[in-house]
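Supplied in C-alpha cells, the structure appears directly below.
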Amino acid sequence: MESAITNIKSRFRISITTKEKIITAICWLCMALFIYTAYAKIVDHTRFLAGLTRVHLISGVAVFISYAVPISEIIVALLLLIPQTVKIGLYSFIAVMSTFTVYIISAMIWEPHLPCHCGGAIEKLSWGQHIWFNLAFIIIAIIALRLMQLITSFKNLRK
Amino acid sequence: MKNFRKIAFGLLVGALALGFSAFTSTHKLTRNTTFVKHAGMITEGFIAQTVAGNEFDPESSVDGDNCSDATTSYSCTYTVTSTGASNIPEKSSYTASDMNSYLSHSPAWLTANGSANKVYNP
C-alpha cells in the first residue's frame with residue numbers, strides 16, 4: 001500500500017528542469033503584463049492622469065501616481081528579466097499587484113464612479129473581473145516562488 | 001550562456017508585449033481637436049456623461065463602443081467646439097447645470113455625438 005502511494009507520488013513529481021521552465025514561463029508572463037500595461041500608460045499619459053484625477057481617493061497624489069505606477073512596472077519587469085533578480089522581482093510583482101487589488105477593492109467600496117485607465121485591452125474588464133485577473137497573477141507568482149524554494153531546498157539536501 | 005539565453009528570450013517576450021500593447025492601446029474613435037488652448041480653459045477635446053444626468057467628465061478621446069443605454073436626456077459624449085474651448089473652464093468634472101449652460105450658447109460650445117440617453121463607461 002505504502003509503495004503504491006510512493007509510486008503515485010513519484011509519478012506526479014516534477015523534475016527540477018520542468019520546475020525551472022515553469023518559473024521562467026511565469027516570470028515572462030508577469031513581465032509581459034507589466035510591459036504591456038506600462039507602455040499603454042506612458043503612451044497615453046494625459047488620459048491616465050485624467051482618470052486618476054477623477055478618483056477622489058487618490059486625486060491629491062494623482063500626478064505622482066501617474067508617473068510612479070508605470071516606472072515601478074518597468075522596474076519590476078526588469079527585475080523579472082534578469083535571472084539573478086527573479087526572486088526579488090516576483091516579490092515586488094506580488095506587492096505591486098496586491099496594492100492594485102487593494103486599491104480596486106477600496107475604490108469599489110467608496111467611489112461612486114470608477115474610471116479604469118489600466119492600459120490596453122485590460123481596460124475592457126469589469127472591476128470584478130479585474131480583481132480575479134489580479135488574484136490569478138498573484139497566485140501564479142506565489143507558485144513560482146514556492147517552486148524556487150523547493151529547488152533551493154532540494155539543492156541544499158544534495159550538498 | 002544559459003543566463004544570456006534566458007535574458008535574450010525574456011527581451012523577446014517583452015518586445016512582443018510592447019508590440020501587442022501598441023496595437024490595443026489605439027483608440028477606435030479618436031477625434032483630434034485643433035482648437036487653441038487658453039490658460040484656465042478646458043484642455044480636453046470631449047466631455048462625456050459618466051454618471052447619468054449627474055457627472056460629466058472631460059476626455060482627451062472617446063470610444064463610441066463605451067456608450068450604454070441609460071435614463072437621461074444627455075448624450076453620451078460631446079465634442080468641445082473651438083468657441084467652447086475658449087469659454088469652458090478647466091474642471092475635473094462638470095455638473096448637469098454646467099452642461100445646460102454650455103449647451104445653451106450660440107455659436108455652440110458643445111456638439112453632441114450620437115443620440116441621447118447614453119452613459120459613457122470608460
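Which number in (1) part of a strand (DSSP E or B); (2) surrounded by 19 or more Cβ atoms within 10 Å (Cβ to Cβ); (3) modelled with pLDDT under 85 marks the one condition that B:Ala85 misses?
Among (1) part of a strand (DSSP E or B); (2) surrounded by 19 or more Cβ atoms within 10 Å (Cβ to Cβ); (3) modelled with pLDDT under 85, the lone unmet condition for B:Ala85 is (1).
Here is a further query. Within region B:45-68, is even one residue farther than 25 Å from A:Val55 by Cα and under 16 Å from the mean Cα position of the chain (by Cα)?
no
Which of (1) of a type outside the set (D, E, K, R); (2) modelled with pLDDT of 80 or more; (3) more than 16 Å from B:Glu59 (Cα to Cα) is the odd one out, the single condition B:Leu110 does not satisfy?
(3)
Filter region B:88-107 down to residues that are in contact with a Phe, Trp or Tyr (Cβ under 8 Å, 6 or more places away or on another chain) and loosely packed, with under 15 Cβ neighbours inside 10 Å, then give me how many there are.
Going through region B:88-107 one residue at a time, the tally reaches 1.
Specify the residue that is modelled with the lowest pLDDT; the eligible residues are those in region A:95-121 that are hydrophobic (A, V, I, L, M, F, W, C) and farther than 25 Å from A:Val43 by Cα.
For region A:95-121, the residue satisfying everything is A:Trp110.
If we scan region B:13-20, do we find a residue that is at pLDDT 85 or above, part of a strand (DSSP E or B) and at negative phi?
Within region B:13-20, not a single residue is at pLDDT 85 or above, part of a strand (DSSP E or B) and at negative phi.
When the residues of region B:57-76 are filtered to those that are more than 11 Å from every other protein chain (Cβ to nearest Cβ) and not in a loop (DSSP other than H, G, I, E, B), which remaining residue is modelled with the lowest pLDDT?
Here the answer is B:Gly64.
B:Asp69 fails exactly one of the following numbered conditions: (1) acidic (Asp, Glu); (2) surrounded by 13 or more Cβ atoms within 10 Å (Cβ to Cβ); (3) free of Cβ contacts under 8 Å to residues at least 60 places away in the same chain. What is the number of that condition?
(2)
Quickly run through region A:31-53 and pick out the residues that are of a type in the set (Lys, Arg) and either at the interface with chain B (Cβ under 7 Å from one of its Cβ atoms) or not in a helix (DSSP H, G or I) (or both).
A:Arg47
The values are calculated or read from the model by the stated rules, or taken from the named source; none is laboratory data. If you're wondering where the values come from, they're calculated on a predicted model, not measured in any experiment. Ideal geometry is used to build each Cβ from the backbone, glycine not excepted, and the neighbour counts take in all protein chains shown.
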